[in-house]
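As structure tokens, the structure follows; a few thoughts come after it.
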Amino acid sequence: MIPQKRVFQSDNLRNLLEIVKEEIKNDINCHTIGQIQTFNPTSQTAEIQIMYKRVMNGKLKDYPILVDCPIFTLSGGNGLITMPITKGDSCLVLFNDRDIDRWFQSGQINPPQTARKHSFSDGLAIVGFRNSLNKISNYLSDGINIEYNGNKIVLQSDKISLSVGSSKIEITASGISITGILTNNGKIVGDTHIHSGVTTGGGVTGAVV
């Protein structure tokens, strides 16, 4: 269904102002939901498809692909967290008030390169927004969960755990618990490690061999 524009009668000043206000809103770009089409990890920019259509000549048309959109990365000082951004990821695109080209190229304070305002050419993307079809299952509401392909690091108020497949390390105030085979420099350490040729008593065994 093609959305219908609001229709105003232009017989008085109030209606004329409403027409002008509506046209301004139709022409300005603030922010929108998008979908990643490609991501360049070297430049940290993406090509993004806007996730709704526009009406042109009475027909619904896709918006053009946004190109060279800088991607938000959670970072500060010398710390950062990166994510493997892939095609199909949802994102929020923010259209900057002014041309961002000189900022992106130099990081310095400069006058805008062009007179663009709220342009499709000046999109900045925040990746990670989700709709109801791809929401996170078993969302951890009492801690921090870092997950990739089933491997997890979980930080909670009373413990920290790391799991890879069936192996798991859990750290609490009372100690460290390990599920799986513990090795040291390739040598097994734990309940499956034994020494032969020793006699029960007050002596000690040698190093792990």
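The values are calculated or read from the model by the stated rules, or taken from the named source; none is laboratory data. Predicted model, so just to flag it, every value in this text is computed and none were measured. Please note: Cβ atoms are built from the backbone with ideal geometry, for glycine as well, and neighbour counts cover all protein chains shown.
Just a few scattered comments:
- Candidates in the stretch 14-34 are the residues that are among the aliphatic types (A, V, I, L, M) and touching a residue at least 60 places away in the same chain (Cβ under 8 Å); of these, the one that is surrounded by the most Cβ atoms within 10 Å (Cβ to Cβ) is I33.
- Comparison of S163, S157 shows that the only residue that is more than 27 Å from Q35 (Cα to Cα), touching a residue at least 12 places away in the same chain (Cβ under 8 Å) and surrounded by 15 or more Cβ atoms within 10 Å (Cβ to Cβ) is S163.
- Within the stretch 1-36, tally of residues that are among the basic types (K, R) and either at pLDDT below 80 or on the phi > 0 side of the Ramachandran plot (or both): 3
- Residue ranges of strands (runs of 3 or more DSSP E) in the stretch 36-90 with at least 2 members of a type in the set (A, V, I, L, M): 45-50, 53-56, 66-70, 79-81
- Single condition R102 does not satisfy, out of (1) out of contact with any strand residue (DSSP E or B) (no Cβ under 9 Å at 6 or more places or on another chain); (2) not assigned by TED's automatic domain parsing to the domain that holds I71: (2)
To keep it simple, each residue is scored yes or no on (1) within 15 Å of I100 (Cβ to Cβ); (2) touching a residue at least 60 places away in the same chain (Cβ under 8 Å); (3) surrounded by 11 or more Cβ atoms within 10 Å (Cβ to Cβ).
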position: S43; (1), (2), (3): yes, no, yes
position: Q49; (1), (2), (3): no, no, yes
position: G58; (1), (2), (3): no, no, no
position: K61; (1), (2), (3): no, no, no
position: P70; (1), (2), (3): yes, no, yes
position: G77; (1), (2), (3): no, no, no
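- Selection within the stretch 124-146 - in contact with a Ser or Thr (Cβ under 8 Å, 6 or more places away or on another chain) and either basic (K, R) or under 30 Å from W103 (Cα atoms) (or both): V127, G128, F129, R130
- From the options R130, R98, R102, residue that is in a loop (DSSP other than H, G, I, E, B), closer than 23 Å to E47 by Cα and over 19 Å from the mean Cα position of the chain (by Cα): R98
- The residue that is farthest from K117 (Cα to Cα), counting only those in the stretch 81-93 that are aliphatic (A, V, I, L, M) and crowded, with 18+ Cβ neighbours inside 10 Å, is I85.
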